[in-house]
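Presented below is the structure to which this report refers.
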Amino acid sequence: MFDKLFQAQQKAEEIKQRLNHISVFGEAEGGLIKVVATANKEIKEITIDPIFLGNADKEELEELLVVALNKALTQAETG
């Protein structure tokens with residue numbers, strides 16, 4: 001019984017480690033904001049176009065970051 005539980009825990013850890021090496025992406029405004037995350041839903045990188053950043057207001061930037069982040073996290077869930 002404990003042996004099967006231990007094996008299941010090991011298998012779950014192996015899967016988690018593999019998911020750390022899978023990248024998913026989200027973007028907003030045609031790629032002006034890009035987000036890279038792992039399949040384990042860990043944000044690795046956020047890229048914002050410098051010209052867009054210079055012209056965007058705070059609220060617009062915040063909204064588009066949320067869009068891009070949610071797209072990346074949704075992709076992580078669905079694979």
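Counting only heavy atoms of the protein chains and using a 1.4 Å probe, residue 64 has close to 20 Å² of accessible surface. For the chain, lysine pairs separated by 8 or more sequence positions, or belonging to different chains, with Cα-Cα distances below 27 Å total 15. Computing Cα extents along the principal axes in Å for the structure here picks out one of [x] 45, 19, 16; [y] 110, 37, 29; [z] 61, 18, 17, namely [z]. The dipole here belongs to the chain: it is taken about the Cα centre, uses +1 on the Cβ of Lys and Arg and -1 on the Cβ of Asp and Glu, and is about 560 debye.
Taking every alpha-carbon pair under 8 Å whose residues sit at least 6 apart, the chain reaches a relative contact order of 32 percent. Using a probe of 1.4 Å on the protein chains alone, the accessible area found for residue 58 is around 140 Å². Taking Cβ atoms as reference points and 14 Å as the exclusive limit, the residues near residue 17 contribute a net charge of 0, counting Lys and Arg as +1 and Asp and Glu as -1.
Loop-located GluC sites (Glu not before Pro) in the stretch 18-79 (DSSP state not H, G, I, E or B) with no more than 13 neighbouring Cβ atoms inside 10 Å: 42.
Mean residue ellipticity, 222 nm, helices only, the chain: the sum of -39500 (n - 2.57) across DSSP H runs of n ≥ 4, divided by residue count and rounded to 500, is -18500 deg cm²/dmol. Using Cα atoms only, what is the angle between the long axis of helix 2-19 and the major principal axis of the chain, expressed in degrees (0 to 90) to the nearest 10? The angle comes out near 20 degrees.
The values are calculated or read from the model by the stated rules, or taken from the named source; none is laboratory data. No experiment lies behind these values; they were computed from the predicted model shown. In this analysis, Cβ positions are derived from the backbone assuming ideal geometry, glycine residues included, and neighbour counts consider all displayed protein chains. What goes into the accessible areas is simple: the full protein's heavy atoms, side chains included, and nothing from ligands, DNA or RNA. Shrake-Rupley method; radii C 1.70, N 1.55, O 1.52, S 1.80 Å.
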